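Comments concern the structure below.
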Amino acid sequence: MGEQVTENRVNIKIIVASHKAADVPSDEMYIPVLAGSSLHEEIPEGFTPDNEGENISFLNPLYSELTALYWGWKNLPDITKESSYLGLVHYRRLFGSKHKGAITYNDIAKYLGKKKIFVPRAREYFVDTLGAHYRHTHGSLALDECEKVIGDFCPDYLKSFDRALSRSSGYMFNMMIMRGDIADEYLSWLNKILYELTLRVDSGNMDDYDKRYPGRIAELLLNVWLDYQLQEGHLKNSDIKVLPWYSTDGDKTIEKAEALLKAKFKGEKYHKSF
């Protein structure tokens with residue numbers, strides 16, 4: 001991948017969220033974080049626990065990888081400054097390609113200071129919109145309540161909510177890299193909505209898979225937030241860079257397609273992540 005750039009290096013930190021020991025990119029811009037550390041007895045070697053400092057580690061059964069991102073947002077030095085960048089990937093989903101591997105600082109350095117946000121290549125659902133896909137695979141309860149929360153807390157986002165969820169593709173997995181000040185704004189907005197949502201939705205009778213609805217809805221909300229920023233002129237399309245991404249455990253294209261069609265046409269809800 002070439003030598004590491006050290007001169008005038010931008011402060012960019014990308015959280016690698018994982019719930020177990022895993023191989024992670026070696027580039028120093030990556031920080032492996034054990035999501036839900038407060039629920040684990042041991043922290044894998046090389047991983048940072050997400051239950052130190054200001055944190056929401058205990059919410060990991062609901063928020064999934066977002067507890068690791070929250071830790072980075074609240075605890076990494078100077079990360080919310082305009083001169084910094086904060087990002088999130090997963091131990092099995094990374095920006096880059098199978099052929100070349102995960103992106104390095106050298107790969108992204110030329111865009112830093114020019115692009116404000118990096119997102120993964122959009123995921124296309126073809127036969128469903130984002131909203132319909134969520135309802136078919138996870139039910140309508142939490143998503144309907146989320147719309148009400150937005151109506152109560154930030155009603156000016158409702159049109160963007162409708163637009164984003166009416167599209168057949170979106171930026172998923174909560175993967176992103178944002179300029180520090182923009183990440184601060186986005187995560188403040190996102191966590192306010194998710195917190196209120198968890199107060200309104202009773203997860204007591206849900207299984208472990210369904211309890212993760214806040215983390216899944218957050219994937220949709222990134223698209224809502226971006227739509228609003230673009231519509232209002234706070235961001236331009238040229239501010240956003242789409243990056244390729246890959247899964248270290250394979251694409252599972254056929255399995256995902258079969259599950260999507262069964263959810264849409266047979267009403268079979270998802271019972272695992274792909």
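The values are calculated or read from the model by the stated rules, or taken from the named source; none is laboratory data. Values in this document were obtained by computation on a predicted structure and should not be read as measured data. Cβ: placed from backbone, ideal geometry, glycine included. Neighbour counts: every protein chain shown.
In the range 128-149, the residues that are closer than 15 Å to residue 209 by Cα form Cβ pairs under 9 Å with partners that are outside any helix (DSSP H, G or I) and polar (S, T, N, Q), at six or more places apart or across chains, as follows: 134/140; 142/203.
When 186, 213, 195 are checked against the criterion of being among the aromatic types (Phe, Trp, Tyr), modelled with pLDDT of 95 or more and closer than 24 Å to residue 121 by Cβ, 186 stands alone in meeting it.
For the range 191-204, a residue qualifies if it is free of Cβ contacts under 8 Å to residues at least 60 places away in the same chain and crowded, with 21+ Cβ neighbours inside 10 Å, and the qualifying residues are 193, 197. In the range 223-237, of all residues being without any contact (Cβ under 8 Å) to a residue 60 or more places away in the chain and on the phi < 0 side of the Ramachandran plot, the one that is surrounded by the most Cβ atoms within 10 Å (Cβ to Cβ) corresponds to 229. What number of residues within the range 119-130 are in contact with a Lys or Arg (Cβ under 9 Å, 6 or more places away or on another chain) and not in a loop (DSSP other than H, G, I, E, B)? Residues in the range 119-130 being in contact with a Lys or Arg (Cβ under 9 Å, 6 or more places away or on another chain) and not in a loop (DSSP other than H, G, I, E, B): 3 in total. With respect to the conditions (1) out of contact with any Phe, Trp or Tyr (no Cβ under 9 Å at 6 or more places or on another chain); (2) assigned to a helix (DSSP H, G or I), residue 82 lacks only one, and its number is (2). Taking residue 24 as the residue in question, decide whether it is of a type outside the set (Asp, Glu), surrounded by 15 or more Cβ atoms within 10 Å (Cβ to Cβ) and either at pLDDT below 95 or part of a strand (DSSP E or B) (or both). Answer is no for this residue. Contact map, the range 71-91: first residue at positive phi, second residue surrounded by fewer than 20 Cβ atoms within 10 Å (Cβ to Cβ) and modelled with pLDDT of 95 or more, Cβ cut-off under 7 Å, separation 6 or more or different chains; pairs are 78/11.
Within this structure, residue 87 passes the test of being under 15 Å from the mean Cα position of the chain (by Cα), in a strand (DSSP E or B), small (Gly, Ala, Ser) and more than 16 Å from residue 248 (Cα to Cα). Close contacts from the range 28-40, counting a first residue that is free of Cβ contacts under 8 Å to residues at least 24 places away in the same chain and a second that is crowded, with 20+ Cβ neighbours inside 10 Å and hydroxyl-bearing (Ser, Thr, Tyr), with Cβ to Cβ under 6 Å and a gap of 6+ residues or different chains, come to 37/57; 38/57. Of everything in the range 153-195 that is among the charged types (D, E, K, R) and in contact with an Asp or Glu (Cβ under 7 Å, 6 or more places away or on another chain), the residue that is farthest from residue 57 (Cα to Cα) is 163. The set of residues in the range 159-170 being surrounded by 15 or more Cβ atoms within 10 Å (Cβ to Cβ) and either part of a strand (DSSP E or B) or free of Cβ contacts under 8 Å to residues at least 60 places away in the same chain (or both) consists of 165, 167, 168, 170. Give me the pairs, please: first residue somewhere in the range 205-218 and touching a residue at least 24 places away in the same chain (Cβ under 8 Å) and closer than 21 Å to residue 170 by Cβ, second residue anywhere and among the charged types (D, E, K, R) and crowded, with 22+ Cβ neighbours inside 10 Å, beta-carbon distance under 7 Å, and either six or more positions apart or on two chains. From the range 205-218, the pairs are 215/65. Across the range 174-227, the qualifying residues are those that are among the acidic types (Asp, Glu) and within 16 Å of residue 145 (Cα to Cα), and the one among them that is farthest from the chain's Cα centre (by Cα) is 202. Inside the range 186-245, residues that are outside any helix (DSSP H, G or I) and within 22 Å of residue 160 (Cβ to Cβ) make up a count of 9.
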